[in-house]
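This report refers to the structure that appears directly beneath it.
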Amino acid sequence: MQATHTAGAADHHADHGPQPTGLMRWITTTNHKDIGTMYLWFSFVMFLVGGAMSLIIRAELLSPGLQYVQPEFYNQMLTLHALIMVFGAIMPAFVGFANWMIPLMIGAPDMAFARMNNWSFWLLPPAAILLTASIFVPGGAAGTGWTLYPPLSIQMGMGMDMAIFAIHILGMSSIMGSINIITTILNMRTPGMDLMKMPLFCWTWLVTAFLLIASMPILAGAVTMLLTDRHFGTSFFSAAGGGDPVLFQHIFWFFGHPEVYIIALPAFGVVSHVIPAFSRKQLFGYASMVYAIAAIGLISFFVWAHHMYVTGIPLTGQLYFMYATMLIAIPTGVKVFNWVTTMWRGSLSFETPMLFALGFLVLFTIGGLTGLVLAMTAVDIQLQDTYYVVAHFHYVMVAGALFSAYAGLYYWLPKWTGHMYNESLGKLHFWLSMIFFNIAFFPQHFLGLAGMPRRIPDYAQQFADFNMISTIGSFGFGFSQLLVLVVVFQTMKGGAKAEARPWDGARGLEWTVPSPAPHHTFEDPPAFNPAEAHG
Amino acid sequence: MDGQYLNPKLSPEGIPPNIQEIRAAGNRRIVSILLAVVTSSFLFAYAQPPLYKAFCEWTGIYDIDRAQRVAESSIPARAVKLEFDANSHDGGLRFSPETASLSAKTGDIIHVTYRIENTRNTTVIGQAVPSYGPQHAGGYVKKLDCFCFKQQTFAPHEVREMPVVFVLERSLPDDVNTVTLSYTFFEVPAGSVTAPAKPGESRT
């Protein structure tokens with residue numbers, strides 16, 4: 001080892017004595033690849049837990065009336081489903097991608113703060129246990145919906161306190177993860193890689209991490225105020241003591257709207273790598289992509305009250321938030337058109353990652369358009385809290401974030417495991433997901449337009465047919481996700497040997513290291529060829 | 001941040017040999033800035049209640065104190081006589097106000113107590129229903145708390161004192177100088193209490 005390897009810069013196992021093995025290896029690891037793998041497995045487990053909860057919800061909604069669960073339990077399921085999917089599945093999944101890929105993409109030996117990285121991950125399991133175990137305490141889990149609106153959240157039992165502490169812990173984890181990512185990206189790039197030559201996934205994560213460190217503490221503050229309102233006699237939100245429940249909604253959505261882009265931006269990043277690779281072209285409009293990401297990140301802090309049109313905000317406010325929300329469509333449109341233009345006259349091939357990226361593109365655009373519909377105050381007052389909203393955000397979250405995560409998984413799996421995955425199984429997974437997703441969620445638009453309210457376990461007769469279709473689709477979608485497990489296990493165990501660069505159109509430093517990526521990479525900064533830039 | 005601590009550029013001499021030290025110093029600087037962002041963000045959440053109020057008052061777009069101002073209306077307070085009455089359709093219940101009448105001012109918060117005694121050996125479930133004299137004065141009685149809001153269950157021989165808290169609005173018509181607040185206690189017949197739906201029971 002070179003004498004220049006000083007403590008604090010990065011972790012170098014080769015300098016150390018014998019390494020722990022077995023479980024202790026994973027508990028004590030500071031290696032970004034190990035931690036990335038743990039994040040991805042954790043998020044997949046939580047995805048299955050949250051998915052099982054959604055199937056309970058959909059089973060109850062299969063037909064009108066109460067069949068399987070009580071309304072209180074139904075509310076707990078929908079609350080935990082949302083919290084687990086947002087904080088336990090989607091966010092850790094993209095942090096996992098960031099841990100694995102950002103050091104490889106920018107030619108860094110590891111994340112900037114390797115030990116803190118370990119801590120960020122190991123905070124997650126206790127939080128997940130707190131959240132899921134709250135089902136079994138007296139009074140059950142939080143049943144307020146993930147938005148935790150008072151006065152209901154002030155009145156609920158101890159399950160609410162457990163949810164609040166879980167949010168605190170998850171928030172700490174994401175803040176530490178974000179600090180790590182920002183520092184790594186700003187300061188650990190290989191010499192010569194300017195910010196404007198950096199792979200786009202790093203750009204999306206840089207902006208996402210800034211959104212996280214600015215918005216997560218606000219959520220932490222809001223839930224802490226809830227906690228003191230509940231137990232220590234403060235009245236931030238409790239109307240009986242002079243507080244204002246609507247203020248909580250303002251604070252929550254001031255966090256909650258950037259959170260939407262915290263989930264969406266890394267997904268944009270993955271797609272911005274996959275589409276050029278399988279179009280065998282450079283990404284169209286790199287600079288405009290970067291500016292669009294920054295613009296989305298900035299505007300996301302100024303549109304929060306479009307979630308609150310029916311709280312009695314004044315007309316001036318409604319108009320401002322309506323126009324500001326519509327403004328977001330411009331940078332988002334820039335991104336969609338750039339992806340489409342990247343494919344224009346490209347030499348396209350349709351391997352699984354590309355299929356998921358295209359699925360993302362089509363479905364995310366639908367979700368974005370319904371978002372514009374909901375941005376209009378006059379329309380939203382009719383559609384607020386209906387299934388139209390549920391359909392909208394599942395098109396953005398599932399078809400947006402999840403499909404993009406799958407695109408990234410299939411794209412980088414050969415790099416991680418050293419084997420090619422089973423292409424036919426991958427394609428089967430895509431087509432099952434694509435078809436069942438639309439069967440599950442497209443009818444919910446109709447239900448919402450017809451006036452079916454969300455978060456209610458029962459419904460009027462006229463909604464029965466579409467609900468049955470939606471439930472069939474959701475079970476199909478849920479069970480086809482188990483295919484990923486098969487594909488990943490197969491690929492880990494064997495399969496065709498993957499080359500260092502298994503995709504002929506792929507660019508970037510991550511493809512210059514062998515597959516599987518060795519435990520330690522880029523201990524010395526690699527040479528950077530700007531022609532290889534713009535993933 | 002000055003260039004000395006930032007990620008080094010590729011110079012003609014190639015990669016600087018002390019790149020690890022430069023990175024470590026840069027990492028420390030960046031993390032201290034980011035921690036400041038996190039802290040100020042957390043404090044920003046706590047600054048919201050006063051900021052929210054100040055913003056609403058400054059712009060006038062949302063009248064946060066509207067409810068309070070309605071209570072402090074510009075109509076002057078005046079003296080009114082209040083009378084309290086209680087009736088029961090059941091000889092087994094003794095129901096009476098603690099105070100038969102009092103003089104009060106409009107706009108004041110008035111607390112009175114009613115007393116009920118179950119003289120029977122059985123449990124009684126029932127609810128008190130209010131009425132007002134004169135009838136149109138009822139619209140000006142704003143109750144903050146009342147035992148009449150809920151069904152009550154009385155154990156055999158139980159005695160209970162129950163509060164009513166209300167405000168008589170200052171907009172009470174001038175011709176009303178005496179307001180009578182009367183409660184009648186109705187027993188809920190056994191078996192007619194609505195039970196929650198059982199699981200599996202279809203609501204069709």
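Has the range B:178-196 got any residue that is touching a helix residue (DSSP H, G or I) at 6+ places or on another chain (Cβ under 9 Å), modelled with pLDDT under 85 and on the phi > 0 side of the Ramachandran plot?
no
The rows are residues; the columns are (1) at pLDDT below 95; (2) in a helix (DSSP H, G or I); (3) in contact with a Leu (Cβ under 9 Å, 6 or more places away or on another chain); (4) among the aromatic types (Phe, Trp, Tyr).
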| residue | (1), (2), (3), (4) |
| --- | --- |
| A:Phe278 | no, yes, yes, yes |
| A:Gln282 | yes, no, no, no |
| A:Ile293 | no, yes, yes, no |
| A:Thr316 | yes, yes, no, no |
| A:Tyr323 | no, yes, no, yes |
| A:Val334 | no, yes, no, no |
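Answer yes or no: is there a residue in the range A:497-506 that is within 26 Å of A:His429 (Cα to Cα), touching a strand residue (DSSP E or B) at 6+ places or on another chain (Cβ under 8 Å) and either buried (at least 19 other Cβ atoms within 10 Å of the Cβ) or not charged (D, E, K, R) (or both).
Yes: the range A:497-506 contains one or more residues that are within 26 Å of A:His429 (Cα to Cα), touching a strand residue (DSSP E or B) at 6+ places or on another chain (Cβ under 8 Å) and either buried (at least 19 other Cβ atoms within 10 Å of the Cβ) or not charged (D, E, K, R) (or both).
Is it the case that the range A:183-199 has a residue that's away from chain B (no Cβ under 13 Å) and either of a type in the set (Lys, Arg) or crowded, with 24+ Cβ neighbours inside 10 Å (or both)?
yes
Which condition does A:Ala357 not pass, out of (1) surrounded by fewer than 15 Cβ atoms within 10 Å (Cβ to Cβ); (2) in a helix (DSSP H, G or I); (3) modelled with pLDDT of 95 or more, if it passes all the others?
Failed condition: (1).
Hey, A:Asn338 hits all of (1) in contact with a Gly (Cβ under 6 Å, 6 or more places away or on another chain); (2) crowded, with 22+ Cβ neighbours inside 10 Å; (3) under 16 Å from A:Ser279 (Cα atoms) but one; which does it fall short on?
A:Asn338 satisfies all of (1) in contact with a Gly (Cβ under 6 Å, 6 or more places away or on another chain); (2) crowded, with 22+ Cβ neighbours inside 10 Å; (3) under 16 Å from A:Ser279 (Cα atoms) except (2).
Here are A:Met53, A:Met101: which of them is closer than 25 Å to A:Arg455 by Cβ and more than 14 Å from chain B (Cβ to nearest Cβ)? Let's see the steps before the verdict.
Details: A:Met101 fails: closer than 25 Å to A:Arg455 by Cβ.
Just a single option satisfies the conditions, and that option is A:Met53.
Taking the range A:405-437 only, how many residues are more than 21 Å from A:Ala517 (Cα to Cα) and either among the basic types (Lys, Arg) or in contact with a Cys (Cβ under 8 Å, 6 or more places away or on another chain) (or both)?
1
Tell me which strands (runs of 3 or more DSSP E) are completely within the range B:72-119 and hold 1 or more residues being of a type in the set (Phe, Trp, Tyr), or say none if there are none. Reasoning before the result, please.
Working: elements: B:79-88, B:93-97, B:101-105, B:109-118.
It comes to B:79-88, B:93-97, B:109-118.
Which of the residues spanning the range A:59-91 are farther than 22 Å from A:Phe466 by Cα and of a type in the set (Val, Ile, Thr)?
A:Thr79, A:Ile84, A:Val86, A:Ile90
I'm told A:Pro514 meets every condition in (1) within 22 Å of A:Leu200 (Cβ to Cβ); (2) surrounded by fewer than 17 Cβ atoms within 10 Å (Cβ to Cβ) except one. Can you identify the failing condition by its number?
Here A:Pro514 meets the rest and fails (1).
Consider A:Leu170 carefully, then state whether it is surrounded by 22 or more Cβ atoms within 10 Å (Cβ to Cβ) and more than 10 Å from chain B (Cβ to nearest Cβ). Step through it out loud before you land on a result.
Values: surrounded by 22 or more Cβ atoms within 10 Å (Cβ to Cβ): yes; more than 10 Å from chain B (Cβ to nearest Cβ): yes.
Against the criterion (surrounded by 22 or more Cβ atoms within 10 Å (Cβ to Cβ) and more than 10 Å from chain B (Cβ to nearest Cβ)), A:Leu170 qualifies.
Considering the range A:108-157 alone, what residues qualify as being within 14 Å of another protein chain (Cβ to nearest Cβ) and polar (S, T, N, Q)?
A:Asn117, A:Ser120
Can we say A:Ile218 is within 14 Å of chain B (Cβ to nearest Cβ) and more than 20 Å from the chain's Cα centre (by Cα)? So that I can check it myself, show each step before the final result.
On the way: within 14 Å of chain B (Cβ to nearest Cβ): yes; more than 20 Å from the chain's Cα centre (by Cα): no.
Here the answer is no, as A:Ile218 does not meet what is asked.
Can you confirm whether A:Val274 is within 14 Å of another protein chain (Cβ to nearest Cβ) and of a type outside the set (Phe, Trp, Tyr)? Give the steps one after another, and end with the answer.
Values: within 14 Å of another protein chain (Cβ to nearest Cβ): no; of a type outside the set (Phe, Trp, Tyr): yes.
Taking the combined requirement at face value, the residue does not satisfy it.
For residues that are in a helix (DSSP H, G or I) and surrounded by 20 or more Cβ atoms within 10 Å (Cβ to Cβ), scanning just the range A:228-245, find the one that is nearest to the other protein chains (Cβ to nearest Cβ).
Residues of the range A:228-245 in a helix (DSSP H, G or I): A:228-231, A:239-241, A:245.
Filter again for surrounded by 20 or more Cβ atoms within 10 Å (Cβ to Cβ), leaving A:229-230.
Values: A:Asp229: 11, A:Arg230: 16 Å.
Residue satisfying both the conditions and the ranking: A:Asp229.
Of these, A:Phe248, A:Phe254, A:Phe236, which one is over 29 Å from the mean Cα position of the chain (by Cα) and closer than 20 Å to A:Thr311 by Cα?
Numbers: A:Phe248 fails: over 29 Å from the mean Cα position of the chain (by Cα); A:Phe254 fails: over 29 Å from the mean Cα position of the chain (by Cα).
Answer to the selection: A:Phe236.
Checking A:Asn118 against (1) crowded, with 24+ Cβ neighbours inside 10 Å; (2) modelled with pLDDT of 95 or more; (3) not charged (D, E, K, R): exactly one of these is not met. Which one?
All conditions are met except number (1).
If the requirement is being more than 24 Å from A:Gly368 (Cβ to Cβ), more than 14 Å from chain B (Cβ to nearest Cβ) and in contact with a Ser or Thr (Cβ under 8 Å, 6 or more places away or on another chain), which of these qualifies: A:Gly418, A:Gly448, A:Gly494, A:Gly476?
Details: A:Gly448 fails: more than 24 Å from A:Gly368 (Cβ to Cβ); A:Gly494 fails: in contact with a Ser or Thr (Cβ under 8 Å, 6 or more places away or on another chain); A:Gly476 fails: in contact with a Ser or Thr (Cβ under 8 Å, 6 or more places away or on another chain).
The match here is A:Gly418.
The values are calculated or read from the model by the stated rules, or taken from the named source; none is laboratory data. Since the model is a prediction, treat every value here as computed from it, not as a measurement. With ideal geometry, Cβ positions are generated from the backbone for all residues, glycine too; neighbour counts draw on all protein chains shown.
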